[in-house]
Amino acid sequence: MGNISFTSEFFAGNRQRLRELFTGTAPVVLTAAGLLQRSADMAYPFCQDASFWYFTGIDEPDITLVLDKDKEYLIVPSRDAVRTAFDGSVDEAELKRISGIDVVFDDHEGWKRLSARLSKAKHVATLSPASSYIAHFGMYSNPARRRLIHHMKAYNEALELLDISQHVTKLRMVKQPLELAAMQAAIDITAKGLRQLFSGLKRGSYEYEYEMEADLTRSFRRHNAGHAFLPVIASGVRACTLHNERNDGKLSADELVLLDVGAEVSHYAADISRTVSVGGSPSRQQEAVYEAVLEVHAYARSLLKPSVTVKDYEKQVEAFMGEQLRELGYIKSIEPSAVRVFYPHATSHYLGLTAHDAGLYDVPLEPNMVLTVEPGIYIRDSGLGIRIEDDVLITETGNEAMSSAVPTTLH
């Protein structure tokens, strides 16, 4: 249940589609992500660059992909005996089998070949790196793309970079059948895990949030899946912090608990949120706010269809949310600044190889794009945070919820 087989034909097809979309003559050079230090000689668990995986299927760090006209090859860095003992060796035959790329060079030979090409080129196409420190999120980015550019410019300082991010994003936005199958598998596993948690809550099986997290993890692993992102299981006022990942609070019967979770299958993510009553007897305020979020959720779903842009859709949903908040008595006028006090996030994001997948928000939606729909209302003074999130597939005539197997009842 937790594995979809992606063949080399899938990755070769993606490379060919990129060649057709990027019509320039410059070589395309992409890098895998690199390992990140956790402490001393320990690295964090490796997470591959999603776009590199999309074109190769390879889950090893520091490998370079080169597409040059009708030629393609991989450059694989060498490992010394000590690292090989700890991390294992890179199986070149397996790289060829997975990616469908028949030519694999070691670091010396590969860069000798690539540098000869770069030294005479005016342009090279690649994915632009993020800033080393992304202040908005308070986090450092993986340095692999910056390292690649530095390496390439060492052979030609005048080399001009062509950023193919939009080309890659356009490809990744529209999902192919294998991708949809992997996403549906991840969603189904998530749905099963959530239903088990709801059943446990009704039986009074949980005293702390982390007990629910433990059962969810066990459920995912029993189906050969992992977490697509750190799960959020937050009750009471903790649910007003959108990405509260501590999951260490004590559950209280008079509170609601918000779950924002998703399994990952063959690199593809689910992302589902539900809010449920811990004790099974929600207050009038809790029920009223929950029903308002459900109304906004249904309204948002009614808008999503081909030709709609997410940018325009978000404005419509924001206005509708404002009406709900005014009816509840939390705001007096439907001004964006007033609405955002209680609804501080977007309604939708793209879903795929990552929970917040590559996507363009000012282009019309097309069939086989997948987005989340996740309105929420957060009232810190009342210790109340409610979010309802489904994973939605755009169809020829509208949309359908891939996560409909998860109930949307408060208790």
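The values are calculated or read from the model by the stated rules, or taken from the named source; none is laboratory data. Just so we're clear, the structure is a prediction, and the values are computed from it rather than from any experiment. With ideal geometry, Cβ positions are generated from the backbone for all residues, glycine too; neighbour counts draw on all protein chains shown.
Here are a few things to note about the model shown:
- Filter pass, residue 274 being assigned to a strand (DSSP E or B), within 25 Å of residue 392 (Cβ to Cβ) and in contact with a helix residue (DSSP H, G or I) (Cβ under 9 Å, 6 or more places away or on another chain): yes
- Residue that is nearest to residue 288 (Cα to Cα), among those in the range 315-339 that are surrounded by fewer than 16 Cβ atoms within 10 Å (Cβ to Cβ) and in contact (Cβ under 8 Å) with a residue 12 or more places away in the chain: 327
- Among residues of the range 400-411 that are in contact (Cβ under 8 Å) with a residue 12 or more places away in the chain and closer than 14 Å to residue 259 by Cα, those with a Cβ under 8 angstrom from a residue that is surrounded by fewer than 17 Cβ atoms within 10 Å (Cβ to Cβ) and charged (D, E, K, R), sequence gap 6+ or separate chain, pair up as 406/195; 407/195; 410/287.
- Condition met for residue 62 (surrounded by fewer than 20 Cβ atoms within 10 Å (Cβ to Cβ), under 28 Å from the mean Cα position of the chain (by Cα), touching a residue at least 40 places away in the same chain (Cβ under 8 Å) and closer than 19 Å to residue 29 by Cα): yes
- Tallying residues that are within 14 Å of residue 259 (Cα to Cα) and part of a helix (DSSP H, G or I) within the range 201-223 yields 10.
- Residue in the range 248-257 that is closer than 26 Å to residue 357 by Cβ, among the aliphatic types (A, V, I, L, M), buried (at least 24 other Cβ atoms within 10 Å of the Cβ) and modelled with pLDDT of 95 or more present: no
- First in the range 137-163 and part of a helix (DSSP H, G or I), second anywhere and exposed (fewer than 15 other Cβ atoms within 10 Å of the Cβ), Cβ under 8 Å, 6 or more apart: 145/128; 146/132
- Of all residues in the range 182-193 being touching a Ser or Thr at 6+ places or on another chain (Cβ under 9 Å) and hydrophobic (A, V, I, L, M, F, W, C), the one that is surrounded by the fewest Cβ atoms within 10 Å (Cβ to Cβ): 191
- For the range 370-411, the tally of residues that are among the basic types (Lys, Arg) and not assigned by TED's automatic domain parsing to the domain that holds residue 317 stands at 0.
- Answer from 246, 221, 195 - the residue that is closer than 30 Å to residue 50 by Cβ and touching a residue at least 40 places away in the same chain (Cβ under 8 Å): 195
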